[in-house]
Amino acid sequence: MFPDLNSILSSSLDSFREGEFILLSDRQADASFLVHHYLSFYLRARCRVCFLGLVQSFSHYSVVSQRLGVNLTQAKEKGQLIFLEGLKASPGVLLGDDSSDKTATFDYLRSPCPELRGLFEFVWNSLSQGVGEAAGESWGPPVLIIDDLSVLLSLGVSAGAILDFTHYCQATICSQLQGSVVTLVRCEDEEWDEDEENSNYLLKALTHQCSLSLRVEGLSTGYCRDIHGQVEIWWRGQGNQRKIFQYKVHDKGASFFAPGTSRAVL
């Protein structure tokens, strides 16, 4: 996790807001480092985490988490982390070779009218059963992390079905269970238009659902070795406060600073 970002968000392992819907997005940049931050943060805060890894393998997240001081394998064995590896399960479902429960979870891959009912049931069963206890351990509020939601559009799922899914997740996890949802949406380079089946439309709709938005963008001046981009943080429902910070990703973390205050430009 990143201490600088925790300070900006006024969060700590002992004190963080519950019931939040956190929306991560990027344009001409890569916001994956924020996904790794929240994964390590909530695991260290002893929350029970359901992670939908739709774009990377478990080993990828495990290697990055090791650098941040978190062991995902141990978290899985203890029952703290429920990891759904979409890349590994999808081929078997598409080819009809998988007869396990994963077929129902990924039914949108084969359905003529893709919907995410099976995926929601997997999330609900993972986080609602035995809330607070798993493998003899006591956990904090449940957390759902999705990396990344926009990939479902390329798999034929409509934006409406995705928004229904996030609405149910928010109603159950954030409101009913007093947990949190964190999801990433990657934006297309083109400006938003009237097409309701692109990631820009999805992002705009999700912005109305979220309580906190972190939007990562590349620098308008182009590549810089010491400043990797900027992130706009928007606290919705708290006076609609917005702040912009620049950032640099390190091997074992990331640093955030006000625009123009990096050592590289002073």
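The values are calculated or read from the model by the stated rules, or taken from the named source; none is laboratory data. On a predicted model such as this, the values are computed, not experimentally measured, just so you know. Methodologically, a virtual Cβ is constructed for each residue, glycine included, from the backbone with ideal geometry; neighbour enumeration extends over all protein chains shown.
Odds and ends about this structure:
- Region 36-75, subset among the charged types (D, E, K, R) and part of a helix (DSSP H, G or I), residue farthest from Phe16 (Cα to Cα): Arg67
- The condition of being under 18 Å from the mean Cα position of the chain (by Cα) and polar (S, T, N, Q) holds for only one of Ser199, Ser220, Ser255, that being Ser199.
- First in region 202-215 and assigned to a helix (DSSP H, G or I), second anywhere and of a type in the set (Val, Ile, Thr), Cβ under 7 Å, 6 or more apart: Leu202/Ile162; Leu202/Val185; Leu203/Val185; Leu206/Thr166; Leu206/Val185
- Subset tally (residues that are modelled with pLDDT of 80 or more, touching a helix residue (DSSP H, G or I) at 6+ places or on another chain (Cβ under 9 Å), over 22 Å from Ile22 (Cβ atoms) and surrounded by 10 or more Cβ atoms within 10 Å (Cβ to Cβ)) for region 219-251: 2
- Leading residue by the ranking (surrounded by the most Cβ atoms within 10 Å (Cβ to Cβ)) among those in region 125-141 that are polar (S, T, N, Q) and at pLDDT 90 or above: Ser126
- When Phe122, Phe41, Phe106, Phe51 are checked against the criterion of being modelled with pLDDT of 95 or more and farther than 18 Å from Leu13 by Cβ, Phe51 stands alone in meeting it.
- Those residues of region 109-119 which are at pLDDT 75 or above and part of a helix (DSSP H, G or I), in sequence order: Arg117, Gly118, Leu119
- For region 15-71, a tally of residues being among the hydroxyl-bearing types (Ser, Thr, Tyr), in contact (Cβ under 8 Å) with a residue 24 or more places away in the chain and closer than 15 Å to Leu84 by Cβ returns 2.
- Single residue of region 142-157 satisfying the filter (under 17 Å from His37 (Cα atoms) and out of contact with any helix residue (DSSP H, G or I) (no Cβ under 7 Å at 6 or more places or on another chain)) that is modelled with the highest pLDDT: Ile146
- Region 40-68: number of residues that are among the hydrophobic types (A, V, I, L, M, F, W, C) and either over 19 Å from Val181 (Cα atoms) or in contact with a Cys (Cβ under 7 Å, 6 or more places away or on another chain) (or both): 4
- The residues on offer are Leu95, Leu68, and the sole one that is at pLDDT below 95 and in contact with a Ser or Thr (Cβ under 9 Å, 6 or more places away or on another chain) is Leu68.
- Screening Met1 against (1) over 29 Å from Ser158 (Cβ atoms); (2) modelled with pLDDT of 85 or more leaves a single unmet condition, (2).
- Cβ pairs under 6 Å, 6+ apart, first in region 76-92 and over 18 Å from Leu144 (Cβ atoms), second surrounded by fewer than 15 Cβ atoms within 10 Å (Cβ to Cβ) and at pLDDT 90 or above: Leu87/Ser57
- Condition check for Leu184: more than 16 Å from Leu152 (Cβ to Cβ), not in a helix (DSSP H, G or I) and not charged (D, E, K, R): no
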